[in-house]
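To start, the structure under review is shown below, and the notes come after it.
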Amino acid sequence: MSQKSFREALNEAMRDEMRRDPTVILLGEDIAGGMGSGGEQDAWGGVLGATKGLMPEFGRERVYDTPISESAFIGAAAGAAATGLRPVAQLMFVDFFGVCGDQIINQMAKFRYMFGGKATTPVVIRTLFGAGTRAASQHSQCLYPIMTHIPGLKVVIPSSPYEAKGLMTQAIRDDDPVIFFEHKAMFDDKEEVPDEPYTIPFGVARTVREGKDVTVVAIGRMVGFAKTAADALAKDGIDCTVLDPRTTSPLDSDAIVASVRKTGRLVVVDEASPRCGMASDISAIVAEQAFDALKAPIKRVMPPHSPVPFAPNLEDAYIPGVDAISAGIRAVMGVK
Amino acid sequence: MKIDKEQLLAGYRIMRTIRDFEERVHKEFMTGQIPGFVHLYAGEEASAAAVCLQLGDADTVASTHRGHGHAIAKGCDVKAMMLEIYGREGGLCAGKGGSMHIADLDVGMLGANGIVGGGPPLVCGAAITAKTLKTGGLSVAFFGDGAFNQGTTLESMNFARVYDLPVLFVLEDNGYAESTSSSWSIGGHNPVRRAEGFGIPGERVDGHDFFAVYRAAEDAIAAIRKGEGPRFIHIQFTRYYGHFEGDASTYKPANQVKDERRYLDALKFFRARTTAGTMLKNEDLDAIDAEVEALIDTAVREAKAAPAPDVSTLTTDVYLSY
């Protein structure tokens, strides 16, 4: 056990699974770096360094730097998975889903079902997401609601280094296609992470904080923000439960509904665009299954319905922050 | 090749503006005042300059993540570009796009692009517009060696061919897609032959030689304007800086980085070639250098002094009406 960053936690999970299982391979753009160049090899280790050191250990026959051809290598990962390997492919930024959407939506997600249960596609698509790095409209989206919408995909959004390692290990061992979202503003976050491999099951929410007044469901980077807001509000006598669903597909709706039945109030914090997002989905589930328990209207805390802007002050205003979450919690409590 | 003194000076002015703009952005970025990610075009100036110099108002270009050079060459306002890169009010994209999304459709600049291979399909569309509305315009897709392996680029080349669209495909091969060598990533190692496989005539030129690029573009543009359909140019050159600001370029052999500025400098070549005889005088070029330096200086000063965009603009321009 030692302090590890989100980046190191991911790296360890992939490294350990590659040591354990020779069918685990990696594919992606510059996941080692320097391919075909006369300079340093493993020059990048992925755009944020999460795969650094893996090519030197496992060789280029297991760590595939690819041309910038997302349709080709994401599709190849699907094909390799369906024929016996466990590929972990990096779609560098989830925004590039737009380039290779068919291979994810129509190919890997559907194999098992449309082939009558005859296909198994144990592929992991790692992808960077989220706002906060001044990367503007085409490198800052969340897009996990789109993935969650597709039957056949599992969607994982870790909220801390500990979560990242356990969920990544589970993702690689999982036999279904997994889209694994890594928030790029969290790569240097650190916490205690065990050295040995461990898994965190999908579809089991984490109770980050237990309280009696409000259930706050938060996703990804929003979990930390929600905890900060809840801890501060405790001083004002508002006692929040904070739930981290960990995976949006499968979604632990039982835990969310059970919590709302105890608290009678729901705030959902989602960094994704507001329309047809996770906040809407979770609100609908609670409205349907626990309407009788609600003491106040549900509150969704989300960014506006706009692309992510570049200018720092605009981007800061875009992201749901601690203040917006506090205001949301106060609103359902009926206090200013 | 037909190029008069006025054109030569204009070409040099574009190259000098790009070089100074990029060198200054590099310097300012290190002070931490420029947010986000910037990808610099220094070293590649001759491509944008020699191609765009031969374009008119009806012509359009689509660019890449490394888009400042194409924007300057196509006539985007340099001061508004700097404001944009700083994320300030009055920026070319109102502070919403930043370096990676610089665009000005009013001057036919369809945008830098955060998506590798994002531009070529857009250029086919602009070419269809030009054909349909009979504007006489052509459209240029600038794209990198990385984008040359994207399906969008290859599909666009076929699409442009089957409709004989007025498109010039300009492969800007600076040797590396991020850290990956183009000598590895471009299968077959012969981009011109790949283009010819699509039925598109092409040629390879030295991108540090303004005159070589100008001549190749002149031939290609003339053929396109005659209605012969798409053309392809493979430009080989080097980028002086990393893939993005902060990339140490360790994947490049050390001596390559050391030598490329000394031996591969389009501006030096241009000055040597044009002042060796009677084409231009050193004073002509010195005067441009001074003017450009002052312009970039003003642009940076104004950008630093400009206010951030009003936060109320966060949700404007998502739609025309909603």
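Quick notes on this structure:
- Restricting attention to segment A:294-320, the residues that are assigned to a loop (DSSP other than H, G, I, E, B), within 12 Å of residue B:309 (Cα to Cα) and either free of Cβ contacts under 8 Å to residues at least 40 places away in the same chain or of a type in the set (Ser, Thr, Tyr) (or both) total 1.
- Annotation note: of B:90, B:75, the sole residue that is at positive phi and within 14 Å of another protein chain (Cβ to nearest Cβ) is B:90.
- Residues in segment B:27-60 that are assigned to a helix (DSSP H, G or I), under 25 Å from residue B:206 (Cα atoms) and of a type outside the set (A, V, I, L, M): B:45, B:47, B:52.
- Residue within segment A:75-87 that is at pLDDT 95 or above, over 19 Å from residue A:150 (Cβ atoms), crowded, with 21+ Cβ neighbours inside 10 Å and assigned by TED's automatic domain parsing to the domain that holds residue A:157 present: yes
- Residue, nearest to the other protein chains (Cβ to nearest Cβ), within segment A:48-103, restricted to residues that are in a loop (DSSP other than H, G, I, E, B) and under 26 Å from residue A:132 (Cβ atoms): A:68
- One residue stands out among those in segment A:296-336 that are more than 11 Å from chain B (Cβ to nearest Cβ) and in contact with a Lys or Arg (Cβ under 6 Å, 6 or more places away or on another chain): the one that is nearest to residue B:86 (Cα to Cα), which is A:328.
- Scanning segment B:158-193 for residues that are within 13 Å of another protein chain (Cβ to nearest Cβ), in a helix (DSSP H, G or I) and out of contact with any strand residue (DSSP E or B) (no Cβ under 7 Å at 6 or more places or on another chain) turns up B:183, B:184.
- In segment B:104-117, residue surrounded by the most Cβ atoms within 10 Å (Cβ to Cβ) [restricted to those that are within 12 Å of residue A:138 (Cβ to Cβ) and more than 8 Å from chain A (Cβ to nearest Cβ)]: B:112
- Positions within segment B:194-226 being over 21 Å from the mean Cα position of the chain (by Cα) and either within 14 Å of chain A (Cβ to nearest Cβ) or under 30 Å from residue A:30 (Cβ atoms) (or both), in sequence order: B:194, B:196, B:197, B:198, B:200
- Test: residue B:80 is crowded, with 24+ Cβ neighbours inside 10 Å, in contact (Cβ under 8 Å) with a residue 12 or more places away in the chain and assigned to a helix (DSSP H, G or I): no
- Among the residues of segment B:87-100, at least one is without any contact (Cβ under 8 Å) to a residue 60 or more places away in the chain and among the small types (Gly, Ala, Ser).
One line per residue, one yes/no per condition, for (1) among the aromatic types (Phe, Trp, Tyr); (2) in contact (Cβ under 8 Å) with a residue 40 or more places away in the chain; (3) within 17 Å of residue A:248 (Cα to Cα); (4) in contact with a helix residue (DSSP H, G or I) (Cβ under 9 Å, 6 or more places away or on another chain):
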{"site": "A:118", "(1), (2), (3), (4)": "no, no, no, yes"}
{"site": "A:129", "(1), (2), (3), (4)": "yes, yes, yes, yes"}
{"site": "A:171", "(1), (2), (3), (4)": "no, yes, yes, yes"}
{"site": "A:174", "(1), (2), (3), (4)": "no, yes, yes, no"}
{"site": "A:179", "(1), (2), (3), (4)": "no, yes, yes, yes"}
{"site": "A:185", "(1), (2), (3), (4)": "no, yes, no, yes"}
{"site": "A:188", "(1), (2), (3), (4)": "no, yes, no, yes"}
{"site": "A:195", "(1), (2), (3), (4)": "no, yes, no, yes"}
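- Scanning segment B:78-87 for residues that are within 11 Å of chain A (Cβ to nearest Cβ) and more than 16 Å from residue A:308 (Cβ to Cβ) gives B:83, B:85, B:86.
- Sole exception among (1) under 21 Å from the mean Cα position of the chain (by Cα); (2) within 11 Å of chain B (Cβ to nearest Cβ); (3) over 13 Å from residue B:178 (Cβ atoms); (4) surrounded by fewer than 24 Cβ atoms within 10 Å (Cβ to Cβ) for residue A:41, by number: (1)
The values are calculated or read from the model by the stated rules, or taken from the named source; none is laboratory data. Here the structure is a predicted model, which means the values were calculated and not measured. Ideal geometry is used to build each Cβ from the backbone, glycine not excepted, and the neighbour counts take in all protein chains shown.
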